[in-house]
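The values are calculated or read from the model by the stated rules, or taken from the named source; none is laboratory data. What you see is a predicted model, and the numbers here were worked out from it, not measured in a lab. Using ideal geometry, Cβ is built from the backbone for each residue, glycine included, and neighbour counts are taken over all protein chains shown. Keep in mind that these areas ignore ligands, DNA and RNA; they rest on the heavy atoms of the full protein, side chains included. Shrake-Rupley method; radii C 1.70, N 1.55, O 1.52, S 1.80 Å.
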Amino acid sequence: VLFIFLSWFWSLGAVASEETQRTHIEVVEGLVEWRSGENADWQELSGSKEVTAGDHVRTNETGLANIRWGDRGITRLDPETEIVIERAASGESLYSALLKVRVESGRIWSRVLKVLDVDGGMQVETSDVVATVRGTAFGIAKETESTDIAVTESVVAVPSALVREGQW
């Protein structure tokens, strides 16, 4: 009985899964499409798919999707959004990597864990701004002529300012 109890107790420490150490996109609802590179054809997604640098993702007017950065955070794509994954990582390097997303159109919301590594964090880029994040909750909306940034927790650095919690 003691052996069985110790075996069971020891197995609780082995819960970590490789599944959580990858960057993948999950379809929440509606139409979500993916393509690898600039010239590939768009493919409809269902369920979950691992994504890598250079992948494009878009949602239609009813589509919602989540990008899970392993255990480091999540980015939600709202309807009518298109992004490009500029940098992604998997495995142990996910915890120290710089994650990078380019928003072509639409709106994303992200929550990213704070990282201690100077080279880590997340950058979100649009045609007119680059936001650097070390760990926070924020949203970015790419409009035709501008980019809106909303910070709900902590601080986001943009080239000419720091956008603080509760600011646009």
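Taking every residue in the range 42-53 that is over 10 Å from Leu31 (Cβ atoms) and pairing it with any residue that is open to solvent by 80 Å² or more (accessible area, probe 1.4 Å), at least 6 positions away or on another chain, the pairs with Cβ-Cβ distances below 6 Å are Ala53/Arg87. Against the definition (under 16 Å from the mean Cα position of the chain (by Cα), modelled with pLDDT under 85 and of a type outside the set (D, E, K, R)), how does Thr132 come out, yes or no? Yes: the conditions hold for Thr132.
Out of the residues in the range 5-52 meeting the condition of being over 22 Å from Leu64 (Cβ atoms) and at pLDDT 70 or above, tell me which one is surrounded by the most Cβ atoms within 10 Å (Cβ to Cβ). Checking each candidate, the answer is Gln21. Each residue in the range 71-87 was checked for being more than 9 Å from the chain's Cα centre (by Cα), surrounded by fewer than 23 Cβ atoms within 10 Å (Cβ to Cβ) and either not β-branched (Val, Ile, Thr) or not in a strand (DSSP E or B) (or both), and 7 of them qualify. Here Arg111 passes the criteria (1) modelled with pLDDT under 85; (2) of a type outside the set (Phe, Trp, Tyr); (3) closer than 21 Å to Ala97 by Cα except the one numbered (1).
For beta carbons closer than 6 Å, sequence separation of 6+ or different chains, a first residue in the range 124-148 that is acidic (Asp, Glu) and a second that is surrounded by 13 or more Cβ atoms within 10 Å (Cβ to Cβ), the qualifying pairs are Glu125/Arg102; Asp128/Thr147; Asp148/Ala141.
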